[in-house]
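Here's the structure, in structure tokens; my notes come after.
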Amino acid sequence: MEPNRSRARSALALAALLGLAGATHFTRPKYYDAIVPRALPGTLRQWTYASGVAELALATAVAAPRTRRLASFAAAAFFVAVFPANVKMALDFRSKSPKARALAYGRLPLQIPLVAWAWKVAKASP
């Protein structure tokens, strides 16, 4: 496969992931409300919707070649910014079933490849 085509597919896959995640903030908001750190001002639902809008905006911008580089760097920063929600989820799931705990704890190291993927897309974009 051509390197340019491979890079474009990687960028579009990242955009699709962000778009899907963003959409679920509106279709399943209670799930996201539960992991919003309580120390943030405003309501949990405001943060759920705001992060959903951010993911949808990032998805759109990553998909467009003209904005891909900056948007991919922003996506990497976004993945870092939402890490506290994943930590909160892991802490909240300490008393849940082993399967639920494994899923919650498994999300923590997953942020690393997501950040790396977004960074790689940004660096490969003109």
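The values are calculated or read from the model by the stated rules, or taken from the named source; none is laboratory data. Quantities reported herein were computed from a predicted structural model and do not represent experimental measurements. Methodologically, a virtual Cβ is constructed for each residue, glycine included, from the backbone with ideal geometry; neighbour enumeration extends over all protein chains shown.
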**Message:** Which condition from (1) hydrophobic (A, V, I, L, M, F, W, C); (2) under 11 Å from A118 (Cα atoms); (3) within 11 Å of the chain's Cα centre (by Cα) is the one that F73 breaks?
**Reply:** (3)
**Request:** Kindly indicate whether P29 is surrounded by 15 or more Cβ atoms within 10 Å (Cβ to Cβ) and either at pLDDT 95 or above or on the phi < 0 side of the Ramachandran plot (or both).
**Result:** yes
**Request:** Scan region 69-108 residue by residue and report those that are over 15 Å from P37 (Cα atoms), among the charged types (D, E, K, R) and assigned to a helix (DSSP H, G or I).
**Result:** R69, R94, K99, R101, R107
**Asked** Got at least one residue in region 26-38 being under 26 Å from A90 (Cα atoms), assigned to a helix (DSSP H, G or I) and of a type in the set (A, V, I, L, M)?
**Response** no
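Yes/no per residue for (1) at pLDDT 95 or above; (2) among the polar types (S, T, N, Q); (3) over 11 Å from the mean Cα position of the chain (by Cα):
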site: M1; (1), (2), (3): no, no, yes
site: S6; (1), (2), (3): no, yes, yes
site: A11; (1), (2), (3): yes, no, yes
site: A15; (1), (2), (3): yes, no, no
site: A21; (1), (2), (3): yes, no, no
site: V36; (1), (2), (3): no, no, yes
site: A39; (1), (2), (3): no, no, yes
site: R45; (1), (2), (3): yes, no, yes
site: G52; (1), (2), (3): yes, no, no
**Asked** Looking at this structure, is V87 among the β-branched types (V, I, T), more than 23 Å from S10 (Cα to Cα) and modelled with pLDDT under 95?
**Response** yes
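Residues to consider are A90, A76, A16; find the one that is surrounded by 15 or more Cβ atoms within 10 Å (Cβ to Cβ) and closer than 30 Å to K123 by Cα. Quick ask: steps written out before the conclusion?
Working: A90 fails: closer than 30 Å to K123 by Cα; A16 fails: surrounded by 15 or more Cβ atoms within 10 Å (Cβ to Cβ).
One residue alone meets the criteria, A76.
Could you grab me the full set of residues in region 56-68 that are assigned to a helix (DSSP H, G or I) and closer than 16 Å to N4 by Cα?
Hits for region 56-68 are V62, A63, R68.
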